[in-house]
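Trainee: Quick one: the structure is below, and I'll ask about it shortly.
What follows draws every value from the coordinates through simple rules; no lab data is involved. Being a predicted model, the structure only gives us computed values, none of them experimental. Note that each Cβ is placed from the backbone with ideal geometry, even for glycine, and that neighbours are counted across all protein chains shown.
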Ligand code: S3P
C-alpha cells in the first residue's frame, strides 16, 4: 500500500480519521497544517494574518514537495485548501492514494459552528461561506480523489473501516 492522503473540506474529519488510520495501519501520521505550524513556529491563523493566504499556499506546496522523496509510508491529513493549486493536485497524486472525505455543508456547520481557528470562516455569515466554498471546491476534491467516502452521520470507526476496505480491495 502507498501513502494515504486525506483531502476534504475543513471539519470533515481528516485529522481524526487520519490519526485512527495510522494506528490501524501502523503508519506515521502527518498533518500538513500541524507540520507547517511547527516549521513556522506560528499558528495557521497568525500565518494568514501576518503573511496572507497566498504565502500559506506556497508553504503547503513546499511541504508536499518535501514528501515526494520520503521513503517512509505515511497517512497524511491535508488542509482543506490543499487541492486549490494545480501543482498541489499533481503532487498529491504523485505522493500517494488520495481519499476524499465528502461531507455536506450541514454536517460541517454542525461541527464548526463557533470555531475560531479557521481564518477563512471568520466572516459575518460562516454558514453561507461553507456552502459556497463546498459548492466550488467539491468538483475539485472529486477530480483529484482516487476514493470518495461519504462521511455524513457516520462514526469515525466506520469511516476508517470503509477506507481500509476500499484501499485493500485493490491490492
Ligand atoms: C483551509 C483549511 C484549514 C487550514 C487553513 C485553510 C482551507 O485546514 O489549512 O485554515 O482553505 O480550507 P483544515 O481543513 O484542517 O481545517
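Trainee: Would you mind calculating the gained length between residue 110 and residue 168 on full extension (0.36 nm times residue separation, minus the Cα-Cα distance), in nm to one decimal?
Mentor: 17.7 nm
Trainee: Further question: Limiting things to C-alpha atoms, what are the Rg and the maximum Cα-Cα separation (Dmax) for the chain, in angstroms?
Mentor: In Å, with Rg to one decimal and Dmax whole: 15.3, 47.
Trainee: Additional query: Per the helix-only calculation at 222 nm, which mean residue ellipticity applies to the chain, given -39500 (n - 2.57) for every DSSP H run of n ≥ 4 and division by its residues, nearest 500 deg cm²/dmol?
Mentor: My calculation for the chain gives -17000 deg cm²/dmol from helical runs alone.
Trainee: Two decimals, Cα atoms only, Kirkwood Rh: what is Rg/Rh over segment 109-158?
Mentor: So for segment 109-158, dividing Rg by the Kirkwood Rh gives 1.02.
Trainee: Once the Cα gyration tensor of segment 3-64 is found, what semi-axes does its equivalent ellipsoid get, as square roots of 5 times the eigenvalues, in whole Å, sorted largest first?
Mentor: Values for segment 3-64, descending: 24, 12, 10 Å.
Trainee: Need the full-extension length gain, residue 136 to residue 87, defined as separation in residues times 0.36 nm minus the C-alpha distance. One decimal, nm.
Mentor: 15.8 nm
Trainee: Considering the Cα positions of segment 47-137, please state its Rg to one decimal place and its Dmax as a whole number of Å.
Mentor: 14.7, 44
Trainee: Taking only Cα atoms and a 10 Å spring cutoff, compute GNM fluctuations for the chain and point out the largest among 161, 11, 79.
Mentor: 161
Trainee: Short version: what are the Cα gyration tensor semi-axes of segment 28-73, square root of 5 times each eigenvalue, largest first, in whole Å?
Mentor: Those come to 21, 12, 6 Å.
Trainee: As an exercise, use a Förster radius of 35 Å and the Cβ-Cβ distance of residue 156 and residue 54 to find the FRET efficiency, rounded to the nearest 0.05.
Mentor: Here the calculated transfer efficiency is 0.60.
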